[in-house]
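Take a look at the structure set out below.
The values are calculated or read from the model by the stated rules, or taken from the named source; none is laboratory data. Keep in mind that this is a model prediction, so the values were computed, not measured. A quick note on method: Cβ atoms are made from the backbone with ideal geometry, for glycine too, and the neighbour counts reach across all protein chains shown. What goes into the accessible areas is simple: the full protein's heavy atoms, side chains included, and nothing from ligands, DNA or RNA. Shrake-Rupley method; radii C 1.70, N 1.55, O 1.52, S 1.80 Å.
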Amino acid sequence: MNERATLKINGKGHLEIGGMDAVDIAEKYGTPLYVFDEEHIRNMMRVYRDTIEKEYGGNGLVLFASKAFSCMAIYKIAAEEKIGVDVVSGGELYTAVKAGFPVEKAVMHGNNKLLPELELALDNKIGVVVIDSYKEADVLDKLASERKIVQKVMLRINPGVEAHTHAFVQTARTDSKFGFSISDGAAKSITEHVLGKKNLKLLGYQCHIGSQIFEKQSFVLAVGKVMDFMSEIKSELGFEAEALNVGGGFGIWYNDEDPKLKLSDYADFVKTMIDAIKEKAARNSLKLPFLYMEPGRSIVGEAGVTLYTVGAIKDIPGIKKYVAIDGGMFDNPRYALYQSKYSVILANRATEECTEVVTVAGKCCESGDLIAVDVPLPEAKSGDIMAVFSTGAYNYSMASNYNRNFIPAAILVKNGKADYIIKPQTYDDLIRNDVLPDRLK
Ligand code: LLP
């Protein structure tokens, strides 16, 4: 388990999060429930922001990659912490707008942004759009011209760096669906194309090499390749980029195969990248670019714990023991999608010795609906409260109503106080958009 100050085992042998007993939380709010630790989220936002301040003279902006967790409260916290956000859809942008987020600090991504999404972005005066196709550049230039504005843009480019992570979360390989490759000349061609657009102002380049990455060298390599490309473009096209966006991707702890990083380790990631940028800039006589970075998982991932209640237990002697919970792939599809590993405990019996190895199964009608496979636990009983750690990123944001289960509510905890940030769904929410045409009535 993570050794954060706000996550501990209390005198009753119960898990405690943000000064609140997980068993009390489960009783009051019900399960399944996402619990978010506000202090952890704010600390993570601050470590990125403050490191840019300290090591780079504040010449940059952290953008929380809100695909990791999007709801009105998180945009509000990001605004309070004076950081920006990265949005990837009209829905994320709309949520930010409704939360009163200053949209000039938002950057929009997406490999296939839809016309209404681009219109929403421009109408709300989005800070920067990261262009990922020729068609998008043409459409955006037209929309900007209609609105008599010059839109700031960057280009998503692909340095061809492979990071050691799951194939689906690697995004900067040459065969990726994202970005213009440096190696085949595509990045240079789109640069020329966008420089020719009257209503677009090209700030520079963005790259994102993948997610759940721990090797600093992968980031250094990617930054180096992009800076070399910037130098090439300067000498060949006379365009000197004023901004560089290095994406997100820093890893977090899920289970004991992962390191447990401290705040200072995340500061080190940032410093290492800044050092690489400074060195490359000096070597290539480039001015220091304004730095954007887009951490998502590392800001909210370890801040989240999901609480469940244990229900059915199926023991197949000598083969497997299943412990079923009241949640599953509808609130956390990451095992089903990526075979992601999680650490679990019984929150009401957190000091008891683990005496068996079990598989935690969800309640969906699907064999692959598992949350954790072969994990150690004390002998679980129906009614125990189970806590699954590091579920703050890409859980709620990828949740669904599969099997017409409810997407769980989420609470934000701090100093012994809890508030809903996402309220519970009801059966009526599930049928809200259903329609019975006359001929079926
Ligand atoms: N910037 C861009 C352009 C991205 O595509 C992503 C993540 C991020 C930033 C944030 O990366 P992070 O710091 O969170 O690693 N659903 C998958 C993760 C997909 C990540 C997609 N892009 C999962 O559950 O592991």
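Brief remarks on what is shown
- Note on the range 111-233: Cα convex hull, mean projected area over all directions, 7.6 nm².
- For V150, distant residues with modelled amide H under 5 Å away: none
- Charge sum, other residues only, whose C-beta stays under 9 Å from G328's C-beta, Lys/Arg counted +1 and Asp/Glu -1: -3
- Quotient of Cα Rg and 2.2 N^0.38 Å for the range 234-306, N being how many residues it contains: 1.44
- Portion, in percent, of the accessible area of the chain that falls on carbon or sulfur, probe 1.4 Å: 51 percent
- Rolling a 1.4 Å probe over the protein heavy atoms gives the chain an accessible area of 43 Å² per residue.
- With distances taken between every two different alpha-carbon atoms, the range 38-300 has a Kirkwood hydrodynamic radius of 18.4 Å.
- Across the alpha-carbon atoms of the range 1-137, the computed radius of gyration and Dmax are 18.3, 60 angstrom.
- Helix axis angle, 38-56 relative to the chain longest principal axis, alpha carbon, degrees: 30 degrees
- Cβ-derived FRET efficiency at R0 45 Å, E279 paired with K198, nearest 0.05: 0.80
- For the chain, the longest principal axis of the C-alpha atoms and the axis of helix 186-195 are separated by about 60°.
- Qualifying trypsin sites (Lys or Arg not before Pro) in the range 224-299, where qualification requires a DSSP coil assignment and no more than 13 other C-beta atoms within 10 Å, comprise K260, K262, K287.
- 10 Å binning of all Cα-Cα separations within the range 8-80, expressed as whole percents from 0 upward: 16, 36, 29, 15, 5
- Gaussian network model of the chain, Cα within-10 Å springs - most flexible of D428, D369, D141: D428
- From phi via Karplus (6.51, -1.76, 1.60), per-residue ³J(HN,Hα) for the range 289-302 in Hz, x at Gly/Pro: x, 4, 9, 10, 9, 10, x, x, 3, 5, 7, 10, x, 6
- ³J(HN,Hα), Karplus 6.51/-1.76/1.60, whole Hz, each residue of the range 307-315, x for Gly, Pro: 9, 10, 10, 6, x, 5, 10, 10, 9
- For the chain, diffusion coefficient by Stokes-Einstein and Kirkwood Rh (Cα), 25 °C, 0.890 mPa s, µm²/s: 106 µm²/s
- Long-range amide H partners of M386 with built H, under 5 Å: Y308, T309, V310, A347
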